[in-house]
Amino acid sequence: MDSKIESWVTPNPALVDAEELLVNAIQTMAEKQIGAILVTQHDKLTGIFTERDLLRFFSGNTEKALKEHLLQPIKNLMTKSPICAQADEDYNIVYMKMKTHDVRHIPILDGERLVGIVSMRDLIHHYQNMLETAFNEARREVEDLKKLVSVDEGEKIETLIKEVQRYKELSLTDYLTGLFNKRYFQTRFVEEVTRARRSSYELSMIFCDIDYFKRINDRFGHNTGDEVLRTTAQILSGGIDELKIISRLRKSDIIARYGGEEFVIILPETGKQGAAIAAERLRQEIENYTFTLDGEEVHITMSFGVAELAATDKDHTEIIKNADYAMYKAKNSGRNRVAVYPPESDQT
């Protein structure tokens with residue numbers, strides 16, 4: 001499941017010009033039965049007017065003041081400089097941003113371009129769907145275990161051991177790609193950070209993300225998108241023999257699927273220069289690989305962010321944030337490239 005907020009955006013949101021009269025904006029909200037309307041000026045987002053603004057407007061004015069305000073431009077009564085999110089942000093981050101700032105509607109941008117809006121109701125509905133999916137999967141697992149009851153005593157122990165081993169592997173690996181999952185990555189990363197500090201070893205991390213992955217899902221469907229994720233995981237981990245990627249990553253390096261189309265690689269005893277070289281090799285392999293999607297030859301690219309554990313980092317989360325920041329710098333610089341944190345311009 002794609003974790004980017006762009007997958008949950010309501011496109012083509014209701015817009016009004018900043019000079020539009022408030023009464024017309026309220027009428028649009030009523031006709032469309034929506035809780036928010038976005039305000040633009042010179043084709044750029046400049047504000048938002050929500051049901052909360054409307055309630056505050058009606059509860060704090062006299063009848064005379066209401067009539068006067070209704071004939072004012074909406075720019076005089078809107079919430080200016082609204083809290084926004086980028087289309088490639090994780091929905092969990094966007095949800096927490098809405099909770100932190102106590103907003104129910106958040107415009108979604110791609111750079112400076114407005115692409116849609118997401119409401120708290122949308123995200124709550126999404127979380128409900130995730131919980132229902134998790135519940136159904138758990139119920140199926142319980143049914144599988146119940147089958148053990150009908151197994152002969154001689155086979156029961158052996159079957160049970162196999163089931164325990166299977167669930168152990170599932171708890172460590174990503175079901176789709178076979179790579180380590182985010183939970184295992186976080187546990188192992190803490191261990192590697194502790195080891196690096198105790199032994200004064202270098203430690204670096206690569207954060208990478210498939211460029212324009214949503215376009216693949218939109219064009220070919222989610223099943224094909226899953227195949228792209230599986231193949232990408234094989235390329236990154238060296239699972240495709242003809243690519244001979246074993247030399248790109250070492251056995252001591254740890255690669256995991258972080259979520260959606262994002263992957264992370266831990267490189268013990270490696271500085272950021274060495275990690276950047278490894279990332280560039282992987283970038284080239286991904287760019288040069290020909291995917292066959294529904295009979296069509298397609299090339300994809302990835303953006304890579306590299307960061308090194310610093311003595312000033314408070315904990316292991318700092319290097320994750322830095323690598324993630326570098327990856328987004330790579331995307332904002334044109335994608336299909338490697339960026340290192342801190343960039344040279346930021347170094348003293």
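The values are calculated or read from the model by the stated rules, or taken from the named source; none is laboratory data. Treat the numbers as computed from the prediction; the structure is a model and nothing was measured. Ideal geometry is used to build each Cβ from the backbone, glycine not excepted, and the neighbour counts take in all protein chains shown.
Assorted remarks:
- Condition met for Lys162 (outside the structural domain of Arg337 (by TED's automatic domain parsing) and modelled with pLDDT under 80): yes
- Looking only at region 51-83, and only at residues there that are part of a strand (DSSP E or B) and surrounded by 14 or more Cβ atoms within 10 Å (Cβ to Cβ), the one that is modelled with the highest pLDDT: Pro73
- Residue within region 190-210 that is in a helix (DSSP H, G or I), at pLDDT 80 or above and among the polar types (S, T, N, Q) present: yes
- Residue within region 311-334 that is part of a strand (DSSP E or B) and modelled with pLDDT under 90 present: no
- Verdict on Ser3 being modelled with pLDDT under 85, touching a strand residue (DSSP E or B) at 6+ places or on another chain (Cβ under 8 Å), small (Gly, Ala, Ser) and under 30 Å from Tyr175 (Cβ atoms): yes
- With respect to (1) touching a residue at least 12 places away in the same chain (Cβ under 8 Å); (2) more than 30 Å from Ala330 (Cα to Cα); (3) surrounded by fewer than 18 Cβ atoms within 10 Å (Cβ to Cβ), the lone exception for Ile48 is condition (3).
- Residues in region 303-327 that are under 23 Å from the mean Cα position of the chain (by Cα) and either among the aromatic types (Phe, Trp, Tyr) or over 18 Å from Lys272 (Cβ atoms) (or both): Phe304, Asp315, Tyr325.
- Residues that are surrounded by fewer than 21 Cβ atoms within 10 Å (Cβ to Cβ) and within 21 Å of Phe213 (Cβ to Cβ), drawn from region 260-280: Gly260, Glu280
- Flag set for Arg257, criterion: charged (D, E, K, R), outside any helix (DSSP H, G or I), touching a residue at least 40 places away in the same chain (Cβ under 8 Å) and within 28 Å of Lys214 (Cβ to Cβ).
- The number of residues in region 1-48 that are touching an Asp or Glu at 6+ places or on another chain (Cβ under 8 Å), polar (S, T, N, Q) and under 14 Å from Pro73 (Cα atoms) comes to 2.
- Within region 239-273, considering residues that are among the small types (Gly, Ala, Ser) and more than 18 Å from Leu203 (Cα to Cα), the one modelled with the lowest pLDDT: Ser247
- Scanning region 291-305 for residues that are part of a loop (DSSP other than H, G, I, E, B) and at pLDDT 95 or above turns up His299, Ile300, Thr301.
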